[in-house]
Amino acid sequence: MDFFEVVRARRSVRKYGPDPVGRDVLKKIVAAGIEAPSGANMQLRQYVIVDDPAVMERIRPVSPALTGAPAAIVLLVEPKPTRFGEFWIQDASAAMQNMLLAAVALGCAACWVEGAIRRCEDDLRELLAVPDHLRVWSLMPVGLPAESPPRPSKSAPDEVTHYNRFASGR
């Protein structure tokens, strides 16, 4: 799939088919996350691939987006400043976006789950044996799509793009 087709095709999918996702596919998705930019190249991210059905059942209460997903990728971050400042939130976001796009390119569906993590981070930390120096920042259910949400309305580039100064060229 062409890169721009992947970008346009990406949707937050919350319904998945019953078939498992192979570890080779999940590892490729993580590899895309690893390739994301990282402030000062500190690479303060770690990933937990969850594909054990028993563990998936235990993490499902985190979000309805996990219902039926055969796998998930949990994104961990070390909230540590670089010599230029703190970038770990941006780094984690860039990694998640790369993984979302990779999932689409590989024929899978996914959804970015972040806010729901805050209320159950300690439970996830214990379940996944996450070391104390890392935060459970977000996760991504992954599966074969059982739905195809319509493309939401998006701004036209000319409506939100400015050149050299805000509102110039309009």
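General observations
- What the Kirkwood sum gives for the range 98-154 is a hydrodynamic radius of 13.3 Å, with every pair of different alpha carbons counted.
- Gyration tensor verdict on the range 1-82 (Cα atoms; rounded if a/c is under 1.5, prolate if a/b is larger than b/c, oblate otherwise): oblate
- Each helix, a run of at least 4 DSSP H residues, gives -39500 (n - 2.57); summed and divided by the residues of the chain, these come to -9000 deg cm²/dmol at 222 nm.
- Among 128-136, 69-77, the peptide with the highest mean count of other Cβ atoms within 10 Å heads the list, and the full ranking is 69-77, 128-136.
- The antiparallel fraction among DSSP beta bridges confined to the chain stands at about 95%.
- A straight Cα-to-Cα reach below 15 Å connects Lys15 with the aspartates and glutamates Glu147, residues fewer than 8 places away in its own chain not being considered.
- Since only Trp112, Tyr16, Ser153 are under comparison, the one whose Cα sits farthest along the positive direction of the charge dipole of the chain, derived from C-beta charges on Lys, Arg, Asp and Glu, is Ser153.
- Cα centroid of the range 97-126 to Cα centroid of the range 1-71, whole Å: 6 Å
- Along the chain, longest interval not containing exposed chymotrypsin sites (Phe, Trp or Tyr not before Pro), exposed being DSSP loop plus at most 12 other Cβ atoms within 10 Å: 1-83
- Histogram of C-alpha separations across the range 3-160, 5 Å bin width, %: 2, 9, 18, 21, 20, 15, 9, 4, 1, 0
- Neighbourhood net charge (10 Å Cβ-Cβ; Lys/Arg +1, Asp/Glu -1) for Ala65: +3
- Close amide H contacts of Ala69 (hydrogens built in the peptide plane, cut-off under 5 Å, sequence separation of 5 or more or a different chain): none are found.
We did not get these values from a lab; they are worked out from the coordinates using the rules stated. The structure presented is a predicted model; accordingly, all values stated were derived computationally and were not measured. All Cβ positions, glycine included, derive from the backbone under ideal geometry; neighbour counts span all protein chains shown.
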